[in-house]
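S.K.: There's a structure below that I have some questions on.
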Amino acid sequence: MNERPVKTEHALEQSAALVADAAERGQRYLRTIDDRDVFPTPAAIAATDALGGAFPDGPSDPHDVLSLLDEYGSPATAATTGGRYFGFVIGGSLPACTGAAVLASAWDQCAGLARVSPIGARLEQIASGWMLDALSLDPNCAVGFTTGATMANLSGVIAARRSLLLAQGWDVDARGMFGAPELRVLVGDEVHISLLKALGLVGFGRERVERIPIDDQGRMRADALPKLDEPALICINAGNVNSGAFDPAGEICAHARASGSWVHVDGAFGLWAAAAPKRAHLAAGCEGADSWSLDAHKWLNVPYDSGVVICRDGDALRTAMRFHAPYIVPDVAPDPADATPEMSRRARGIEVWAALRSLGRSGVADLVERCCVFAKRFADGLAAAGYEILADVELNQVLVSFGADERTSRVIEAIQRDGTCWAGGTTWRGRTAMRIAVSSWSTTPDDVERSLAAMIRIANETD
């Protein structure tokens, strides 16, 4: 009676064998990642046509599927988990997180409800407490695990919308936005696109926001904030996506308190500076805000996708995200889905827990500080070679011009084609620039020197 059917036993053995096969292929990929171009060649990308074709008429052997994926997929990946990828503020995946992701895939937990995944809920609870501690935020804040900073921003803005409108007697969850009192929304002139997207999705509009002037480093000017007669939503940066600069959170929060306004901090990568003693002064004042968003797949270096929303008023967040169905019996403690838009989702908190457990307080601080030191080395080396650094380097972001805009664009393209490293282009105060974002645990001094030498060589050779 207790024997498993042969078919089920065979299927489980097959799944276990495939996990072992995938692990072996993953190990080979990681062991050779430093020996390959950071960005795939055109030939490798073109070869992915082998993964397409007509929809197969019948099943394929799972081992053949995995082999095909590895043969044509692995060469076409960008080496973002290696030490020489400096584009888009993308972190690598810490060893403990990679291992945890494999185990979590085998567990296949749906983390929305504690009744569905007790371990998923428990690990998110533990990781939440550790993050609040590391970031010096109120331990009573509500924390939700999202896909990234866009959804984290969306969640924080939704909580703000509910709270600000409720203060004016309007229940937005019940009545919607039709006929709701208008709310002023203030952002800096260097607001990130993910926040604008979030504001648009909740009905505030992307273009009706009031843009506050910035200084030469991209910081919102607190002295340019308008007088607020009624509560408003003020969204600030903790780490400008180009320069890494921080808006003056302390002054802005003080200005907001006088009118009962809500301050939301877009802290995708920069908020992690609060966890590093030598950089924590940059984030000073952020603790006075009402909600925060951050990415764990940036500086905490967990696998994609992983973002976090934090809200001081847990009721505002949880009530805005509430749901009910007769087949769901609520637990005594809040469920993970109570703090995020998603109900059914993977247990991404497992990897966040693994990162925090493996690094500890000193490890998180070292990860942040090491990246900042490397960024300064890039800036100093490029400046010594005669190229212009366009903004102060206080965090992990470097902006460099190689001359006229057209020449800078050519240098960026040549660096990307070379394959030694990868950095992206941007526009800063009307000028074309290359942006170097150092955010991976796997970046070494040798990676920096090798990449720096390639950048200078290519820049010197480019007409």
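The values are calculated or read from the model by the stated rules, or taken from the named source; none is laboratory data. Model, not experiment: these values are computed from the prediction. Reconstructed Cβ throughout: ideal geometry from the backbone, glycine too, with neighbour counts over all protein chains shown.
S.K.: Would you point out which residue out of 144, 120, 156 is touching a residue at least 24 places away in the same chain (Cβ under 8 Å), buried (at least 23 other Cβ atoms within 10 Å of the Cβ), farther than 28 Å from residue 191 by Cα and not aliphatic (A, V, I, L, M)?
M.R.: 120
S.K.: For the stretch 33-65, which positions are surrounded by 11 or more Cβ atoms within 10 Å (Cβ to Cβ), of a type in the set (Ser, Thr, Tyr) and either closer than 20 Å to residue 84 by Cβ or without any contact (Cβ under 8 Å) to a residue 12 or more places away in the chain (or both)?
M.R.: Residue satisfying the conditions is 41 alone.
S.K.: Something else now. So, in the stretch 387-407, how many residues would count as being crowded, with 24+ Cβ neighbours inside 10 Å and either basic (Lys, Arg) or at positive phi (or both)?
M.R.: Count: 0.
S.K.: Among what's in the stretch 225-241 and is among the aliphatic types (A, V, I, L, M) and within 16 Å of residue 372 (Cα to Cα), pick the residue that is surrounded by the most Cβ atoms within 10 Å (Cβ to Cβ).
M.R.: 238
S.K.: Taking the stretch 111-139, which residues are modelled with pLDDT under 95 and of a type in the set (Lys, Arg)?
M.R.: Scanning the stretch 111-139 gives a single hit, 115.
S.K.: Also, quick follow-up: If a residue must be of a type in the set (Asp, Glu) and crowded, with 17+ Cβ neighbours inside 10 Å, how many such residues does the stretch 309-337 contain?
M.R.: 2
S.K.: Moving on. Determine which member of the set 72, 85, 29 is within 30 Å of residue 194 (Cα to Cα), under 28 Å from the mean Cα position of the chain (by Cα) and modelled with pLDDT of 95 or more.
M.R.: On the way: 72 fails: within 30 Å of residue 194 (Cα to Cα); 29 fails: within 30 Å of residue 194 (Cα to Cα).
Of 72, 85, 29, the one residue that is within 30 Å of residue 194 (Cα to Cα), under 28 Å from the mean Cα position of the chain (by Cα) and modelled with pLDDT of 95 or more is 85.
Results for (1) at pLDDT 95 or above; (2) closer than 26 Å to residue 354 by Cβ; (3) small (Gly, Ala, Ser); (4) touching a Phe, Trp or Tyr at 6+ places or on another chain (Cβ under 9 Å), shown as yes or no for each residue.
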position: 277; (1), (2), (3), (4): yes, yes, no, no
position: 282; (1), (2), (3), (4): yes, no, no, yes
position: 289; (1), (2), (3), (4): yes, no, yes, yes
position: 297; (1), (2), (3), (4): yes, yes, no, yes
position: 309; (1), (2), (3), (4): yes, yes, no, yes
position: 317; (1), (2), (3), (4): yes, yes, no, no
position: 327; (1), (2), (3), (4): no, no, no, no
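S.K.: Give the residues of the stretch 358-396 that are assigned to a helix (DSSP H, G or I), of a type in the set (A, V, I, L, M, F, W, C) and over 22 Å from the mean Cα position of the chain (by Cα), sorted by residue number.
M.R.: Matches in the stretch 358-396: 378, 379, 382, 383, 384.
S.K.: Looking for something surrounded by 20 or more Cβ atoms within 10 Å (Cβ to Cβ), of a type in the set (Phe, Trp, Tyr), out of contact with any Pro (no Cβ under 9 Å at 6 or more places or on another chain) and not in a helix (DSSP H, G or I) - is there at least one such residue anywhere in the stretch 242-263?
M.R.: Among the residues of the stretch 242-263, at least one is surrounded by 20 or more Cβ atoms within 10 Å (Cβ to Cβ), of a type in the set (Phe, Trp, Tyr), out of contact with any Pro (no Cβ under 9 Å at 6 or more places or on another chain) and not in a helix (DSSP H, G or I), which makes the answer yes.
S.K.: Further, regarding this structure: Determine which single condition residue 377 fails, assuming it passes every other condition in (1) more than 20 Å from residue 88 (Cα to Cα); (2) among the charged types (D, E, K, R); (3) in contact (Cβ under 8 Å) with a residue 24 or more places away in the chain.
M.R.: Evaluating residue 377 over (1) more than 20 Å from residue 88 (Cα to Cα); (2) among the charged types (D, E, K, R); (3) in contact (Cβ under 8 Å) with a residue 24 or more places away in the chain leaves (1) as the failure.
S.K.: Now for a different question. If the requirement is being closer than 15 Å to residue 145 by Cα and loosely packed, with under 15 Cβ neighbours inside 10 Å, which of these qualifies: 306, 344?
M.R.: Working: 306 fails: loosely packed, with under 15 Cβ neighbours inside 10 Å.
Step by step, each of 306, 344 is checked, and only 344 is closer than 15 Å to residue 145 by Cα and loosely packed, with under 15 Cβ neighbours inside 10 Å.
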